[in-house]
1. Take the conditions surrounded by fewer than 17 Cβ atoms within 10 Å (Cβ to Cβ), at pLDDT below 90 and on the phi > 0 side of the Ramachandran plot and apply them to residue 158. Does it pass?
2. Among the residues of the range 52-98, which ones are in contact (Cβ under 8 Å) with a residue 40 or more places away in the chain and closer than 12 Å to residue 122 by Cβ?
3. Would you confirm, using the coordinates I've provided, whether residue 103 is at pLDDT below 90, outside the structural domain of residue 47 (by TED's automatic domain parsing), closer than 30 Å to residue 58 by Cβ and touching a helix residue (DSSP H, G or I) at 6+ places or on another chain (Cβ under 8 Å)?
4. Among the residues of the range 109-126, are any more than 23 Å from residue 62 (Cα to Cα) and touching a helix residue (DSSP H, G or I) at 6+ places or on another chain (Cβ under 6 Å)?
5. Where the second residue is not in a loop (DSSP other than H, G, I, E, B) and the first is assigned by TED's automatic domain parsing to the domain that holds residue 80 and lies in the range 132-149, which pairs have Cβ atoms under 6 Å and are six or more apart or on separate chains?
6. Can you say whether residue 66 is over 16 Å from the mean Cα position of the chain (by Cα) and not assigned by TED's automatic domain parsing to the domain that holds residue 137, as far as the supplied structure shows?
7. Within the range 97-135, can you find the residues that are under 15 Å from residue 69 (Cα atoms) and within 15 Å of the chain's Cα centre (by Cα)?
8. For the range 1-60, which positions are within 24 Å of residue 132 (Cα to Cα), at pLDDT 85 or above and exposed (fewer than 14 other Cβ atoms within 10 Å of the Cβ)?
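The values are calculated or read from the model by the stated rules, or taken from the named source; none is laboratory data. Everything numeric here is computed off the predicted structure, so don't read it as measured data. Here the Cβ positions follow ideal geometry from the backbone for every residue, glycine too, while neighbour counts run over all protein chains shown.
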C-alpha cells in the first residue's frame, strides 16, 4: 500500500494566483487526479520549486496558458518583471502594447505605421486575445499607464531621479 504522506516542499493552505497582474475570476476548485509521466511530473516539480509555488499552481497556470494559446493562435506567454504576459508570436510585443495603441487611435492604419512589421495575422491574434480576455489586457494597460515619473519617484523616493 502506498503512503499518503504529503510530498516534501508542498505548501499547505490557500493558493495564491500565479500572476497577480492577471485578472483571474475566482472559481471553486475541484479535486482532479491525473496520471502523469514521471518525466513530466519531475519538470512540474522543478518549475514549482524554482518559482516557490505548489505543483498544483504551476500545473493550473500551464494548462490555462495552453488553452488560451489554442483559442488564440499566434499568442504565447513569457515571463516579464511584472509577471507572465500574453505576447504576439514572432514579435516580443505584449498584446497589451498593441491593444493600447489600437484603443488610443481607434485606427489599424495608424497601428500599422507604429508597428510596420506586424502582419495582419499578428494583429488579428492580438485582437482575438483582447476580445476574449479584455479585463486582463485592460488591467495591464492601466498598470503601465500609471507608471508616471511622479508615481515612480513617490513609490521609490531617492532611488530614481527624473530630470524634467
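1. Criteria met by residue 158.
2. 72, 73, 74, 75, 95
3. Values: at pLDDT below 90: yes; outside the structural domain of residue 47 (by TED's automatic domain parsing): yes; closer than 30 Å to residue 58 by Cβ: no; touching a helix residue (DSSP H, G or I) at 6+ places or on another chain (Cβ under 8 Å): yes.
Against the criterion (at pLDDT below 90, outside the structural domain of residue 47 (by TED's automatic domain parsing), closer than 30 Å to residue 58 by Cβ and touching a helix residue (DSSP H, G or I) at 6+ places or on another chain (Cβ under 8 Å)), residue 103 does not qualify.
4. Within the range 109-126, the first condition is being more than 23 Å from residue 62 (Cα to Cα), and the residues that meet it are 109-121, 123-124.
Filter again for touching a helix residue (DSSP H, G or I) at 6+ places or on another chain (Cβ under 6 Å), leaving 111, 114.
So far as the range 109-126 goes, yes, one or more of its residues are more than 23 Å from residue 62 (Cα to Cα) and touching a helix residue (DSSP H, G or I) at 6+ places or on another chain (Cβ under 6 Å).
5. Once the first residue is assigned by TED's automatic domain parsing to the domain that holds residue 80 and sits in the range 132-149, its partners that are not in a loop (DSSP other than H, G, I, E, B) give 137/95; 137/96; 137/99; 137/130; 140/96; 141/96; 141/100.
6. On the way: over 16 Å from the mean Cα position of the chain (by Cα): no; not assigned by TED's automatic domain parsing to the domain that holds residue 137: yes.
So residue 66 does not fit the description; no.
7. If the condition is that a residue be under 15 Å from residue 69 (Cα atoms) and within 15 Å of the chain's Cα centre (by Cα), then 126, 129, 130, 132, 133 are the ones that fit.
8. Of everything in the range 1-60, those that are within 24 Å of residue 132 (Cα to Cα), at pLDDT 85 or above and exposed (fewer than 14 other Cβ atoms within 10 Å of the Cβ) turn out to be 28, 29, 30.
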